[in-house]
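Please read the structure below before turning to the comments.
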Amino acid sequence: MSEPTASASWLTETGHRPLIGVGGRAPGPARDVVRERPVIVCGTSGGVGTSVVSALLADYRAAELGERSWWVDLSHTDSDMVERLGADELGDTGWWQSGRGTTLWSPTEGSSIPTTFYASPPEGSSLPRALYEASTTGAAVPVVDAGTRAHDAATTIRDHHQTGAATPVLVLGPRPDLINRARRVFSLWEAAGVLEHTVLVVCCQVPTLNHAALTDMLHASMSGHVAAVVALDYDPTLGSGTALDRDAQERLSPRTWDAIGALAELTRDGQAGAGQQVMSR
């Protein structure tokens, strides 16, 4: 199987390495490539909701895309999202399937995506193509915790954002300490020219936190600097830490699904940089 050479990549830490063999299959229509952009967790420190938001986004997209909806964990931190989504037992290749059909994958820590994972792709599957597009053109939805690895992620986003292929999502908790820490991240992302293409997600994870004033302040101060702002209120089902199988997802607050739906639309086709402002609370 031939192996195209990847450019600096979402999916390789070092860049300029062979990534995925696609067996000579021609890519489908450009629209399909864009719609199938994988949701890639590029960094999370835990406690802000980055993994949960990104996984729910991928599961939401699975209603339309099925197994072509990807959730890829490149955070290289301990995460319980695979178990929480009720996925199958971990196999040797690190692939799972969620109850709603999302393809989940957690590569080995410190590695790029090994080409051996694609030695025998499912017959007729477009999954390798989607990841190849993410590697070579940046066609992805990179999700980044504002408190970790946000500086490094900006470099890769900057390299690809001009194509319109990537819609970065920056997740932030509505707490004064987290907001103060994120100020430098905002400045760096703005200097890199990627903040204006970014969807800022303000995610409340604490049931007793009265975050409305801080969220409104963030919305006012970031208006005109980011593509959009989406706010998620505390959800008891998410906060309980229960498995997010289909039954549990049915118990999620309608406001939670409204917010995830807004995020899905904003990250659908790389056009979020149109000055939209969305508040879902």
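Structure data summary
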read-out	value
Selected residue (criterion: nearest to ALA55 (Cα to Cα)) from residues of the range 191-226 that are assigned to a loop (DSSP other than H, G, I, E, B) and either in contact with a Leu (Cβ under 7 Å, 6 or more places away or on another chain) or among the β-branched types (Val, Ile, Thr) (or both)	CYS204
In the range 190-237, residue surrounded by the most Cβ atoms within 10 Å (Cβ to Cβ) [restricted to those that are hydroxyl-bearing (Ser, Thr, Tyr) and free of Cβ contacts under 8 Å to residues at least 24 places away in the same chain]	THR237
Where ALA63 falls short, out of the listed (1) surrounded by fewer than 22 Cβ atoms within 10 Å (Cβ to Cβ); (2) at pLDDT below 80	(2)
Some residue of the range 210-231 being closer than 15 Å to GLY47 by Cα and not aliphatic (A, V, I, L, M)	no
Residue match in the range 113-133 (condition: modelled with pLDDT under 70, over 28 Å from LEU244 (Cα atoms), within 17 Å of the chain's Cα centre (by Cα) and not in a strand (DSSP E or B))	yes
Test: LEU200 is closer than 24 Å to GLY99 by Cα and within 21 Å of the chain's Cα centre (by Cα)	no
Residue within the range 21-37 that is within 17 Å of ALA166 (Cβ to Cβ), under 17 Å from the mean Cα position of the chain (by Cα), modelled with pLDDT of 80 or more and buried (at least 20 other Cβ atoms within 10 Å of the Cβ) present	yes
Identity of the residue in the range 68-102, among the charged types (D, E, K, R) and assigned to a loop (DSSP other than H, G, I, E, B), that ends up modelled with the highest pLDDT	ARG100
Those residues of the range 202-221 which are among the polar types (S, T, N, Q) and at pLDDT 80 or above, in sequence order	GLN205, THR215, SER221
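The values are calculated or read from the model by the stated rules, or taken from the named source; none is laboratory data. Note that the coordinates shown come from a computational prediction; the quantities given were computed from them, not determined experimentally. Neighbour counts are summed over all protein chains in view; Cβ atoms, including those assigned to glycine, are modelled from backbone coordinates with ideal geometry.
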